[in-house]
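The structure under discussion appears below in the form of structure tokens.
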Amino acid sequence: MSYSALQPSNPPTLHHSTTPFFFSFLELDSLQLGCLIFCALLIGVAKSGFAGGIGILVTPLLAVVMDASMALGLLLPLLFSADIFNFYHYWKQWEKSSLVMVVPGSVLGVVLGWPLLHHLKNSGGDTDYLAKAIGVTALVFGLVTLYKDLKGKLDLPFRPDAWHGLLAGATAGMISTIAHQGGLITQMYLLPQRLSPQAFVASTTVIYFAINLSKFPIYLAEGVLDLNRTLYAAALIPIVFGGSLIGKYLNKKLSPEFFTKIIIVFVMLTAVKLLWG
């Protein structure tokens, strides 16, 4: 009997993942991993204070290349880590009077957003309605950001009172629960109060620390976040920190306004892709 006769007629084929071994347990391909790393960098850059509007690109961009539920789950630990970094730089520089109503309102908004998240996540069938909701949010916020950028300011018809803080917090919390967005809502509440730059960033950090912390149990309950996704995101936290250093460098070298215009173009494109792609 020849040696070739002893060989199996259909030898097994070895499949090699294109994703680095450390990340292979979540089964992301190279494009998805690359987008996630890029989003981690953008989160760090945005939280550094450079062209803060770029944060609205993160969720829709990631939702284009993967399931929207997975995108939300992977981004939450990264956003939360950025809040912690900001606490280090702006500890106790927040304006307490500005947070009395907006922080409880934001936590309430997260709770109110839970049923909407559940509905969008579970009622789509072949259509990812959660991705569609992210696309709508990105499109609206992108248009408002563009308007604000072209006008040089966002005209506000009133000076917010305490109850406006409750409303702004609740709205931001609901939007953030389904799309990790809502920064423009809190800006509309905080900007008329004429806070110092340090107090403004510190106050925003407190609000989103409360929002993101409140989302953890809801995301776990809905299966948006699990141990694998948490570990995966935790491995990318150093990239968020690196993005914050890049943002500080860019603050000295580039115009945030020009950079924001470029980002808004990508926001519009990703929103259109999510809605009609």
May I ask you to verify whether G242 is small (G, A, S) and on the phi > 0 side of the Ramachandran plot? no
With respect to the numbered conditions (1) closer than 14 Å to S48 by Cα; (2) surrounded by fewer than 16 Cβ atoms within 10 Å (Cβ to Cβ), which one is the sole condition not fulfilled by T204? (2)
Please state which of the following conditions A68 fails to meet, knowing it meets all the rest: (1) out of contact with any Asp or Glu (no Cβ under 6 Å at 6 or more places or on another chain); (2) at pLDDT below 95; (3) among the aliphatic types (A, V, I, L, M). (1)
Select from the stretch 235-253 the residues that are more than 14 Å from F80 (Cα to Cα) and among the small types (G, A, S) and write down the one among them that is surrounded by the fewest Cβ atoms within 10 Å (Cβ to Cβ). G242
Scope the stretch 133-157; condition of a type in the set (F, W, Y) and at pLDDT 75 or above; matching residues: F141
Among helices (runs of 4 or more DSSP H) lying entirely in the stretch 28-116, which contain 1 or more residues that are of a type in the set (S, T, Y) and under 24 Å from A170 (Cβ atoms)? 58-65, 68-90, 96-99
In the stretch 82-108, what residues are closer than 24 Å to R229 by Cα and crowded, with 23+ Cβ neighbours inside 10 Å? A82
In the set L191, L184, L195, the lone residue that is more than 30 Å from E27 (Cβ to Cβ), over 18 Å from the mean Cα position of the chain (by Cα) and buried (at least 17 other Cβ atoms within 10 Å of the Cβ) is L195
Test P160 against the stated conditions and say whether it is at pLDDT below 80 and crowded, with 17+ Cβ neighbours inside 10 Å. yes
Would you be able to tell me the number of residues in the stretch 202-246 that are farther than 25 Å from H119 by Cα and hydroxyl-bearing (S, T, Y)? 5
Pull out all pairs, ordered by first then second residue, where Cβ-Cβ is under 8 Å, the residues are six or more apart or on different chains, the first lies in the stretch 82-100 and is touching a residue at least 12 places away in the same chain (Cβ under 8 Å), and the second is surrounded by 16 or more Cβ atoms within 10 Å (Cβ to Cβ) and part of a loop (DSSP other than H, G, I, E, B). E95/L195; S98/L195
Return yes when A271 is of a type in the set (A, V, I, L, M), assigned to a helix (DSSP H, G or I) and surrounded by fewer than 13 Cβ atoms within 10 Å (Cβ to Cβ) and no when it is not. no
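Kindly evaluate I218 against the criterion of being surrounded by fewer than 21 Cβ atoms within 10 Å (Cβ to Cβ) and closer than 25 Å to M70 by Cβ. So that I can check it myself, show each step before the final result.
Values: surrounded by fewer than 21 Cβ atoms within 10 Å (Cβ to Cβ): yes; closer than 25 Å to M70 by Cβ: yes.
When the stated conditions are applied, I218 passes them.
The values are calculated or read from the model by the stated rules, or taken from the named source; none is laboratory data. Just so we're clear, the structure is a prediction, and the values are computed from it rather than from any experiment. For neighbour counting, all protein chains shown are included, and Cβ atoms are generated from backbone atoms with ideal geometry for every residue, glycine included.
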